[in-house]
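The values are calculated or read from the model by the stated rules, or taken from the named source; none is laboratory data. Since the structure is predicted, the reported quantities are computational estimates derived from the model, not experimental observations. Virtual Cβ from ideal backbone geometry, glycine too; neighbours counted across all protein chains shown.
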Amino acid sequence: MSAPRGLLTEAARRLAAAGVESPRVDAELLLCAVLGTTRTALLTLGEVPPGPAARFAALVEERAARVPLQHLTGTAPFRHVELAVGPGVFVPRPETELIAGWVLDRIAGLTAPTVVDLGTGSGAIALAVANEHPGARVAAVERDAGAIEWTRHNAATRAAAGDTPVEVLAGDMTDPRLLTALDGTVDVVVSNPPYVPDGARLPQEVADHDPPLALWGGPDGLDVVRGLLGTAARLLRPGGWLGIEHADQQGSSLPELVRRHGRWADVADHRDLAGRPRYTTARLSGGQ
Ligand code: GLN
């Protein structure tokens, strides 16, 4: 039997030495995953039996090899939902919760708004919107054949939990034929597109485990966004809203690109909780 305090201190030291960014929290969350308990409950935990202690040690070694924490626990929290994640799908980030909140603010008060999430990955934004605005009709688009298996799994889990079902669609956000049945009717188009500039240095967890299709966006990171603007302008109703997440360095270049596209009003950029430029929003010209 091992005392949880000692196990955690030892594990945190091992993870810190391996360069893991939040070693103590990761150690605690791995122990929680093994024991099926919460971080609060760890405070009053008795001894850890040898079986779970060995499983914990193995997970700590994998984390030290920089496998993402969420791949080891199998889940990522996002607003009020838990998403299944693993190899083949982009792990949703906490900072993306903000743009999902922005979508919810835009549709607050609308009985049956239509929302399209382009490049949905695990389904995070789409499923959070459906979860928090039950009347919303949400379509989630993903081009990566590996990732969409996770989207479908998560959508089925949320629907089984009672959320309004999200329509999951295989497709490319730059395709002029995508979702043409919705042309001119959508209230909000939202996207966390691949926006990392080619050649950027990424943490090992991201570079080795997030799917390349979800990350890389060409020389300035904005190649996919250029194609997405036309799709969004086609899908939205006049006055409908577009929100696009972007990289720290794109807080001027992305709003500028949207302005130059010529179809948009009220172009604005928003910061995340760490104060970093994080997403651009705009309204399709021609409505009130
Ligand atoms: N924010 C992601 C990262 O930190 C990149 C996500 C994206 O390209 N959409 O790696």
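Taken together, Ala41, Ala18 contain a single residue that is more than 29 Å from Pro203 (Cα to Cα) and among the aliphatic types (A, V, I, L, M), which is Ala41.
Looking at the structure I just gave you, is Glu142 acidic (Asp, Glu), within 14 Å of the ligand (Cβ to nearest atom) and touching a Leu at 6+ places or on another chain (Cβ under 8 Å)? In short, yes.
Conditions (1) of a type outside the set (D, E, K, R); (2) within 16 Å of the ligand (Cβ to nearest atom); (3) assigned to a helix (DSSP H, G or I), marked per residue:
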{"site": "Arg201", "(1), (2), (3)": "no, yes, no"}
{"site": "Ala214", "(1), (2), (3)": "yes, yes, yes"}
{"site": "Gly230", "(1), (2), (3)": "yes, no, yes"}
{"site": "Leu254", "(1), (2), (3)": "yes, yes, yes"}
{"site": "Thr280", "(1), (2), (3)": "yes, yes, no"}
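Reported count of residues in region 54-81, each being surrounded by fewer than 16 Cβ atoms within 10 Å (Cβ to Cβ) and more than 28 Å from His153 (Cβ to Cβ), is 1.
Here's the yes/no breakdown for (1) in contact with an Asp or Glu (Cβ under 7 Å, 6 or more places away or on another chain); (2) free of Cβ contacts under 8 Å to residues at least 12 places away in the same chain; (3) surrounded by fewer than 19 Cβ atoms within 10 Å (Cβ to Cβ):
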position: Arg13; (1), (2), (3): no, yes, yes
position: Ala33; (1), (2), (3): no, no, yes
position: Pro52; (1), (2), (3): no, no, yes
position: Glu95; (1), (2), (3): yes, no, yes
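Among the residues of region 174-197, those that are away from the ligand (no atom under 12 Å from the Cβ) and either closer than 22 Å to Ser22 by Cβ or not β-branched (Val, Ile, Thr) (or both) comprise Asp175, Pro176, Arg177, Leu178, Leu179, Ala181, Leu182, Asp183, Gly184, Asp187. Taken together, the residues in region 154-173 that are more than 11 Å from Val141 (Cα to Cα) and either touching a Lys or Arg at 6+ places or on another chain (Cβ under 9 Å) or surrounded by fewer than 18 Cβ atoms within 10 Å (Cβ to Cβ) (or both) amount to 8. Listed by first and then second residue, the pairs linking a residue in region 246-259 that is touching a residue at least 40 places away in the same chain (Cβ under 8 Å) to a residue that is part of a helix (DSSP H, G or I), with Cβ atoms under 6 Å apart and 6 or more places separating them unless they lie on different chains, are His246/Leu254. Taking the criterion of being in contact (Cβ under 8 Å) with a residue 12 or more places away in the chain and surrounded by fewer than 18 Cβ atoms within 10 Å (Cβ to Cβ), the residues of region 272-286 that qualify are Leu273, Ala274, Arg276, Ser285, Gly286. Cβ separations smaller than 6 Å between residues 6+ apart or across chains give the following pairs from region 109-129 residues that are within 14 Å of Ala147 (Cα to Cα) to residues that are at pLDDT 95 or above and among the charged types (D, E, K, R): Thr120/Glu142. The single condition among (1) at pLDDT below 95; (2) β-branched (Val, Ile, Thr); (3) buried (at least 17 other Cβ atoms within 10 Å of the Cβ) that Thr44 does not meet is (3).
Considering (1) crowded, with 17+ Cβ neighbours inside 10 Å; (2) farther than 30 Å from Leu229 by Cα, the lone condition that Val116 does not fulfil carries the number (2). Note on region 191-232: residues that are surrounded by fewer than 21 Cβ atoms within 10 Å (Cβ to Cβ), of a type in the set (Gly, Ala, Ser) and over 18 Å from the mean Cα position of the chain (by Cα) amount to 5.
For residues that are assigned to a loop (DSSP other than H, G, I, E, B) and of a type in the set (Gly, Ala, Ser), scanning just region 216-227, find the one that is farthest from the ligand (Cβ to nearest atom). Break it down into steps so the answer makes sense when it comes.
First, pick out the residues of region 216-227 that are assigned to a loop (DSSP other than H, G, I, E, B): 217-222.
Next, from what is left, pick out any that are of a type in the set (Gly, Ala, Ser): 217-218, 221.
Details: Gly217: 6, Gly218: 11, Gly221: 8 Å.
Of everything passing the filter in region 216-227, Gly218 is farthest from the ligand (Cβ to nearest atom).
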